[in-house]
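Take a look at the structure set out below.
Laboratory data are not the source of any read-out in this text; all were calculated from the coordinates shown. What you are looking at is a predicted structure, and each value in this text was computed from that prediction instead of being measured. Backbone-built Cβ (ideal geometry, glycine too); neighbour counts: all protein chains shown.
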Amino acid sequence: MDIIGFFFVALARVLDILLSLYFWIIVIAALMSWVRPDPYNPVVRFLRAVTDPVFYRVRRWLPFLTIGGVDLSPIVVILAVQFLQWFLVPTLLRLGGVGALGGLGAGRM
């Protein structure tokens, strides 16, 4: 494997970690929206700052996702994150010369 291959493998692994973290941030933000947390709490402010811009774009592109006051945009974002983990990460690993799953995501399928 050459230096470009190592770059693609490293990029795939970092992207996999970041997408996993963002997945859990979305889940926690969605769960916290059910209990009305203190808006001045630094954790709540961080979660909103990280997720609200993405949710806003999804709501703007797909306005029918709010059904009876229930916002389904986190589900769409979770599906997009999962798609990127299942498609983009293995593709980058293959570009790097690693096998089909390369040790990443083998337990997820």
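Grab the DSSP H runs of the chain that are 4 residues or longer, score each as -39,500 (n - 2.57), total them, divide by all residues and round the 222 nm result to the nearest 500 deg cm²/dmol.
Values: 3 runs with 73 residues, N = 109.
Per the formula, -23500 deg cm²/dmol.
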Report, in degrees rounded to the nearest 10, the 0 to 90 angle that the Cα long axis of helix 42-61 makes with the longest principal axis of the chain. 90
How tilted is helix 3-32 with respect to the longest principal axis of the chain? Cα atoms for both, answer in degrees (0 to 90, nearest 10). 20
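Test of understanding: what is the full-extension gain from ARG57 to ALA80, defined as 0.36 nm times their sequence separation minus their Cα-Cα distance? Don't skip to the answer; put the middle values down first.
On the way: separation 23, 0.36 × 23 = 8.28 nm, distance 1.30 nm.
Length gained between ARG57 and ALA80: 7.0 nm.
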Nearest 10 degrees, 0 to 90: what angle lies between the long axis of helix 73-95 and the longest principal axis of the chain (Cα atoms)? 10
Tell me, what are the semi-axes, in whole angstrom and largest first, of the equivalent ellipsoid of the chain as set by the roots of 5 times the Cα gyration tensor eigenvalues? 33, 15, 11
Nothing charged except the Cβ atoms of Lys and Arg (+1) and of Asp and Glu (-1): what's the magnitude of the dipole of the chain about its Cα centre? Round to the nearest 20 debye. 180
If you build a Gaussian network model of the chain, linking Cα atoms that sit under 10 Å apart, which residue out of LEU95, LEU31, LEU47 swings the most? LEU31
